Amino acid sequence: MNMVLIENAAGSSQVITIIEEFAGHSVSRDLNPGDHAEIPVTQFKSITVRETYPDDWLTRGLHRNRAAA
């Protein structure tokens, strides 16, 4: 198995969203500036990394909070 290290630089003003897809499931997580993630990869998993602008993640957070309530 291989590992991929993804790091969001400490001085960045962007939030990075990592989306892992495997076995018909999708899992996403955000990396704030200064955060990093080590992700195990196999031939059956795909990884997408994209920049998320602050207003995007704020909107998503508000939607998550409303859904949880």
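A few points about this structure:
- Estimated from helices alone, the mean residue ellipticity of the chain at 222 nm is -7000 deg cm²/dmol (sum of -39500 (n - 2.57) over DSSP H runs with n ≥ 4, per residue).
- The dipole here belongs to the chain: it is taken about the Cα centre, uses +1 on the Cβ of Lys and Arg and -1 on the Cβ of Asp and Glu, and is about 260 debye.
- Rounded to the nearest 10 degrees, the angle from helix 54-68 to the longest Cα principal axis of the chain is 90 degrees.
- Only protein atoms count toward the accessible area here, which uses a 1.4 Å probe; on the stretch 3-67, the carbon and sulfur part of that area reaches 54 percent.
- Highest mean packing first, where packing is the average number of other Cβ atoms within 10 Å per residue, the peptides 25-31, 13-19, 41-47 line up as 13-19, 25-31, 41-47.
- Furthest towards positive pole of dipole, Phe22, Asn65, Ala9, structure part the stretch 3-67, Cβ charges: Asn65
- Our coupling estimate for the stretch 16-22, obtained by passing each phi through the Karplus curve with A = 6.51, B = -1.76, C = 1.60 and θ = phi - 60°, is 9, 9, 10, 10, 9, 10, 7 Hz, Gly and Pro reported as x.
- Relative contact order, whole percent, for the stretch 3-67 stands at 38, derived from Cα pairs under 8 Å and 6 or more residues apart.
- For Asp35, the amide hydrogen comes within under 5 Å of the amide hydrogens of Asn8, counting only partners 5 or more places away or on other chains and with H modelled in the peptide plane.
- Summarised in one figure, the compactness ratio Rg/Rh of the chain, Cα atoms and Kirkwood Rh, is 1.02.
The values are calculated or read from the model by the stated rules, or taken from the named source; none is laboratory data. A quick note: this is a predicted structure, and the numbers were derived from the prediction, not measured. Please note: Cβ atoms are built from the backbone with ideal geometry, for glycine as well, and neighbour counts cover all protein chains shown. Note: areas computed on protein heavy atoms with side chains; ligands, DNA, RNA excluded. Shrake-Rupley method; radii C 1.70, N 1.55, O 1.52, S 1.80 Å.
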